[in-house]
Amino acid sequence: MIARIWHGWTKQSEAKTYERLLREEIFPGIAQRKIAGYHGAELFIRKDGDEVEFLTLLRFDSMEAVETFAGSDSRRPVIHSKAEPLLIRMDERSRHYRIIPPS
């Protein structure tokens, strides 16, 4: 299993709007693509001074499934057009980690 992790930051005033966009449009839109090997998304939010940090974690069976989601440059962030104006900064590359199940 692969975890795809990406960070983006908003102003506090935009945080609720971005969170709603993620929960109501972006994550459901990914699920509607019915990518073989996609196993859902998690959202982590942290207030960081005057900003709010968003960490997204998407789970996939393999890097091939990640490439189906992101394209051949699997580390390229996939940014929804409505999300971009809300973000004040973001990771330029997504990171991928192998998930190790508990023994």
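FYI, it's all coordinate maths here, none of it is from the lab. Because the structure is a prediction, the values reported are computed rather than measured. Note that we place each Cβ from the backbone using ideal geometry, even for glycine, and neighbour counts take in every protein chain shown.
Contact order, relative form, for the stretch 2-98: 45 percent (alpha carbon pairs under 8 Å, 6 or more residues apart, mean separation divided by residue count). With a Cα cut-off of under 16 Å and a minimum spacing of 8 residues unless on different chains, the lysine pairs in the stretch 2-98 number 4. Axis of helix 12-21 versus longest Cα principal axis of the chain: the two differ by about 40°, to the nearest ten degrees.
A Förster radius of 35 Å combined with the Cβ-Cβ distance from LEU43 to SER72 puts the calculated FRET efficiency at roughly 0.85. For the stretch 1-58, just say rounded, prolate or oblate: build the C-alpha gyration tensor, square-root its eigenvalues into a ≥ b ≥ c, call rounded for a/c under 1.5, and beyond that prolate if a/b exceeds b/c, oblate if not. Oblate.
Residue ranges 68-80, 7-19, 91-103 sort as 7-19, 68-80, 91-103 when ordered by packing (mean number of other C-beta atoms within 10 Å per residue, highest first). Applying the Karplus relation 6.51 cos²θ - 1.76 cosθ + 1.60 with θ = phi - 60° to the stretch 52-58 yields 3J(HN,Hα) values of 10, 8, 10, 10, 10, 10, 10 Hz, where x marks Gly and Pro. For the chain, taking the reciprocal of the average inverse distance between every pair of different Cα atoms yields a Kirkwood hydrodynamic radius of 14.1 Å. Translational diffusion of the stretch 62-103 was estimated from the Stokes-Einstein equation, with Rh taken as the Kirkwood radius over Cα pairs; at 4 °C and 1.567 mPa s the coefficient is 107 µm²/s.
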